Amino acid sequence: MTYIEIVHDGLWKNNVSLVQLIGLCPLLAVTSTLINGLGLGVATTLILIASNVTISLIRSIVPNEIRLPIFVLIIASFVTITEMIMKAFYYDLYLILGIFIPLIVVNCSVIGRAEVFASKNPVNYAFVDGLMMGFGFTFVLVMLGGLRELLGYGTLFAHAEIMFGETAKQLKIIIFSDYQGFLLAILPPGAFFGLGLLIALKNWLDKKAAVNKSIVPLYSY
Amino acid sequence: MIKEKMLRSAIMLALFAITGAGLVSLTHSHTEQQIKLNEQAALLRTLSALVIPNQYDNKLFTDTLTVTNDTLLGSDEPMTIYRARKQGKPVAAVLTAIAPDGYNGRILLLVGVNYQGSVLGVRIIAHQETPGLGDGIEIRKSDWILGFNHQSLTTLSKDLWKVKRDGGVFDQFSGATITPRAVVKAVYNTLIYYQQHRDQIFAVKPTQKDK
């Protein structure tokens, strides 16, 4: 196993949302705008890293039979702590993402990485895996949020101030001015359509890459 | 042998539970104060959008009472009223009310009224209306809610306290009439409540806030 493999796994080949298709509940619920997606992505990434590192550190002392309850305990503690910190220091963001933060506890990607990866690998690999799985998840959240916001409201980066402070207000880009809005994109079905399109795009890119690869040896003969 | 293993597991689990709970309560004690401040600041921000801060000199935040009136305030739960006074004289009140008949359930709103009974402003605190259609009642999304400013039971007769489709003066949204209709009705009812209970509202001693 190399770092490059872990990075490739997390971001692309084994992407939490596009390939493993887990943790969809928060993914579909919060991605009505790009900033919402980014906010949940960052929170999930932090928790993935914290839980992966901790679980990797304690993996040798935890008896096999009780590893799952202990993983759940650790993840639940981290999520609760994250929620409190967010409520204390990013209150506006908390108002939007608040109800989804506790959902991270049941986000299968966190316990999934704990069980599949962190409990079997040294801490440096576990850290990179958490980071990269988180990035992969955030990437999809941002793409989906951006897609839905663009179609639904005709803007990008709206309400950036809730994450980056008042100065970020001018980050908002109005792509189509005088846009009537496209309700379906903002409603939950829009999330399913959007995710479906993103998965199709990924599969198409993979297929294209595979075709290219298989062509290359032909020429080399 | 098995017994020993079980004991070891139990102790392990307990240790992790204690550590986890310890970390959570440590964070809680460090953030509790800030969270409380944030919640108050958020409410105060809304309140001062309704009653301009230099018009009163009491503590709007603690000079409250709770009342219950399910026909006019929309719920059988106790609702908070914030009272603004200057040098002891009543200036304005901000009433919490519920529009029970929104498209997607209840809409929680704050209605600011001056002593004479004119609307100083209305704000939506919580709702589940359809994004993109009914959520125009939010000040972040549109300025529709400002249409209530300066209105009162005397500026508009009962029949005009309605959305345009029902023959009133308030705009509806294209594709969403139910939401604005519910809000208009709730504001109207709140004003009626205020008119009927004004003297009581300002006379009653502040309700002690339970922690």
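The values are calculated or read from the model by the stated rules, or taken from the named source; none is laboratory data. Values in this document were obtained by computation on a predicted structure and should not be read as measured data. Cβ sites come from the backbone with ideal geometry, for glycine too, and all protein chains shown count toward neighbours. Side chains are part of the model used for accessible areas, which takes the heavy atoms of the whole protein and leaves out ligands, DNA and RNA. Shrake-Rupley method; radii C 1.70, N 1.55, O 1.52, S 1.80 Å.
Placing one identical point scatterer on every Cα of the range B:29-142 and ignoring solvent, what is log10 I(q)/I(0) from the Debye formula at q = 0.19, 0.22 Å⁻¹?
-1.08, -1.27
Using alpha carbons only, what's the Rg to Rh ratio of the range A:15-97 with Rh from Kirkwood?
With Rg and the Kirkwood Rh in hand, the quotient comes to 1.03.
Extending each Cα 7 Å along its Cβ direction at A:TYR179 and B:THR154, get the distance between those two points in nm, one decimal.
About 4.7 nm separates the two model spin labels.
At 0.692 mPa s and 37 °C, plugging the Kirkwood radius over alpha-carbon pairs of the range B:53-210 into Stokes-Einstein gives what diffusion coefficient in µm²/s? Walk me through the numbers before you get to the answer.
Details: Rh = 15.9 Å.
Rounded, D is 207 µm²/s.
Where Rh is the Kirkwood radius over the Cα pairs of the range A:33-153, the temperature 10 °C and the viscosity 1.306 mPa s, what D in µm²/s does Stokes-Einstein return? Could the numbers behind the result be given before it?
Values: Rh = 14.7 Å.
In µm²/s, the coefficient is 108.
Could you tell me the distance between the Cα centroids of the range A:134-176 and the range A:15-90, to the nearest Å?
Between the Cα centres of the range A:134-176 and the range A:15-90 lies a distance of 22 Å.
Treating only the Cβ of Lys, Arg, Asp and Glu as charged (+1, +1, -1, -1), what charge dipole size does the range B:1-50 show about its Cα centre? Round to the nearest 20 debye. It would help to have the intermediate numbers written out before the result.
Details: 5 positive and 3 negative charges, 43 e Å.
With only Lys, Arg, Asp and Glu charged at Cβ, the dipole is about 200 debye.
Set Lys and Arg Cβ to +1 and Asp and Glu Cβ to -1, take the dipole of the range B:1-50 about its Cα centre, and tell me which of B:ILE2, B:LEU43, B:ALA21 lies farthest positive.
Positive-most Cα among the choices belongs to B:ILE2.
Can you work out the accessible area per residue across chain B, with the rest of the protein chains kept in place, probe 1.4 Å, in square angstrom?
Details: 11750 Å² over 211 residues.
That works out to 56 Å² for each residue.
With every protein chain left in place and a probe of 1.4 Å, what is the accessible surface of B:LYS59, to the nearest 10 Å²?
150
How big is chain A along each principal axis, measuring the range of its Cα positions in Å and listing the largest first?
63, 60, 30
If the limit is 32 Å between Cα atoms, which of B:LYS36/B:LYS205; A:LYS172/B:LYS36; B:LYS36/B:LYS86; B:LYS59/B:LYS164; B:LYS162/B:LYS205; A:LYS87/A:LYS207 go over it? Could the numbers behind the result be given before it?
Numbers: B:LYS36/B:LYS205 24 Å; A:LYS172/B:LYS36 30 Å; B:LYS36/B:LYS86 27 Å; B:LYS59/B:LYS164 39 Å; B:LYS162/B:LYS205 35 Å; A:LYS87/A:LYS207 44 Å.
From B:LYS36/B:LYS205; A:LYS172/B:LYS36; B:LYS36/B:LYS86; B:LYS59/B:LYS164; B:LYS162/B:LYS205; A:LYS87/A:LYS207, over 32 Å: B:LYS59/B:LYS164; B:LYS162/B:LYS205; A:LYS87/A:LYS207.
Helix B:178-203: angle to the longest alpha-carbon principal axis of chain B, degrees 0 to 90, nearest 10?
Tilt of helix B:178-203: around 90 degrees.
Short version: which residues of the range A:48-89 lose at least 30 Å² of accessible area, all chains versus chain alone, 1.4 Å probe?
A:ILE61, A:PRO63, A:GLU65, A:ILE66, A:ILE70, A:LEU73, A:SER77, A:ILE81, A:MET84, A:LYS87, A:ALA88
What's the FRET efficiency of A:VAL42 with B:VAL169 using the Cβ-Cβ distance as r and R₀ = 56 Å, to the nearest 0.05? Walk me through the numbers before you get to the answer.
Working: r = 46 Å, r/R0 = 0.81.
With R0 = 56 Å, the Cβ-Cβ based efficiency is 0.80.
Which one of A:ILE49, A:ILE70, A:ILE104 has the biggest mean-square fluctuation once chain A is modelled by GNM with Cα springs under 10 Å?
A:ILE70
Apply the Debye scattering formula to the range B:139-211, with a single equal point scatterer on each alpha-carbon and no solvent, then give log10 I(q)/I(0) at q = 0.20, 0.21, 0.22, 0.26 Å⁻¹.
-0.87, -0.92, -0.97, -1.21
To check my understanding: the extent here is largest minus smallest coordinate of the Cα atoms along each principal axis. What are those three numbers for the range B:1-50, in Å, largest first?
71, 16, 5
Which residue, B:THR27, B:THR80, B:THR66, tops the fluctuation ranking in a GNM of chain B built on C-alpha contacts under 10 Å?
B:THR27
Given the rule -39500 (n - 2.57) for each run of at least 4 DSSP H residues, summed and divided by the residues of chain B, what is its mean residue ellipticity at 222 nm, to the nearest 500 deg cm²/dmol? All intermediate terms of the calculation are to be shown ahead of the outcome.
Details: 2 runs with 75 residues, N = 211.
Helix-only estimate at 222 nm: -13000 deg cm²/dmol.
With the Cα gyration tensor of the protein assembly as shown in hand, give its eigenvalues times 5 under a square root as the equivalent ellipsoid semi-axes, listed largest first in whole angstrom.
On the way: eigenvalues 483, 184, 54 Å².
Square roots of five times the eigenvalues give 49, 30, 17 Å.
In terms of modelled amide H atoms, which long-range or inter-chain residues lie less than 5 Å from the amide H of B:ASN58?
Counting only residues 5 or more places away or on other chains, the set is B:ARG85.
In the range B:3-17, which residues give up 10 Å² or more of accessible area once the other protein chains are added, compared with their chain alone (1.4 Å probe)?
Residues shielded by partner chains are B:LYS5, B:ARG8, B:SER9, B:MET12, B:LEU13, B:PHE16, B:ALA17.
Assuming R0 = 22 Å, can you tell me the calculated FRET efficiency for the pair B:ILE139 and B:ALA41, based on Cβ-Cβ distance, to the nearest 0.05? Before the final figure, lay out each step's value.
Numbers: r = 17 Å, r/R0 = 0.77.
About 0.85, to the nearest 0.05.
Leaving out ligands, DNA and RNA, what percent of the accessible area of the range B:1-50 is carbon and sulfur, probe 1.4 Å? Spell out each step's value before the answer.
Working: 2500 of 3610 Å².
For the range B:1-50, the apolar C and S fraction of the accessible surface comes to 69 percent.
Between B:ILE2 and A:LEU57, what is the FRET efficiency for a Förster distance of 25 Å, r being their Cβ-Cβ separation, to the nearest 0.05?
On the way: r = 28 Å, r/R0 = 1.12.
For R0 = 25 Å, the calculated efficiency reads 0.35.
Under 20 Å Cα to Cα from A:LYS208, which lysines show up? Leave out anything in the same chain fewer than 8 places away.
Candidates past the 8-residue exclusion: A:LYS13.
Could you report the buried accessible area between A and B, both sides summed, computed with a 1.4 Å probe and given in Å² to the nearest 100? Each step should come with its number before you reach the end.
On the way: alone 11950 and 12820 Å², together 22640 Å².
Chain pair A/B: roughly 2100 Å² of buried accessible area.
Starting at the first residue of the range A:116-131, write each ³J(HN,Hα) from the Karplus equation 6.51 cos²θ - 1.76 cosθ + 1.60 with θ = phi - 60°, in whole Hz, x for Gly and Pro.
6, 10, 4, 6, 10, 10, x, 5, 5, 5, 4, 4, 5, 4, x, 4
Hey, got the dipole for the protein assembly as shown? About the Cα centre, +1 on K and R Cβ, -1 on D and E Cβ, debye to the nearest 20? Could the numbers behind the result be given before it?
Working: 37 positive and 30 negative charges, 45 e Å.
For this selection, approximately 220 debye.
Averaged per residue, what accessible surface does the range A:43-109 expose to a 1.4 Å probe, in Å²? Don't skip to the answer; put the middle values down first.
Details: 2780 Å² over 67 residues.
For the range A:43-109, the per-residue accessible area is 41 Å².
For helix B:2-50, what angle does its Cα long axis make with the longest principal axis of chain B, in degrees from 0 to 90 and rounded to 10?
For B:2-50 against chain B, the angle is about 20 degrees.
Quick one: 3J(HN,Hα) in Hz for the range A:61-66, Karplus 6.51/-1.76/1.60 with θ = phi - 60°, rounded, Gly and Pro as x.
9, 8, x, 4, 5, 10
Two decimals is fine: what's Rg over Rh for the range A:122-221, C-alpha atoms, Kirkwood radius as Rh? Provide the component values of the computation, followed by the final result.
Values: Rg = 19.0 Å, Rh = 16.6 Å.
My calculation of the ratio gives 1.14.
For chain A, give the percent of accessible area contributed by carbon and sulfur heavy atoms, probe 1.4 Å, rounded to a whole number.
71
List the residues of the range B:93-138 that lose 40 Å² or more of accessible area once all protein chains are present, compared with their chain alone (1.4 Å probe, heavy atoms only, no ligands or nucleic acids).
B:PRO131
Select from A:ASN64, A:LEU28, A:ILE74 the residue farthest towards the positive end of the dipole of chain A; place +1 on Cβ of Lys and Arg, -1 on Cβ of Asp and Glu, and compute about the Cα centre.
A:ASN64
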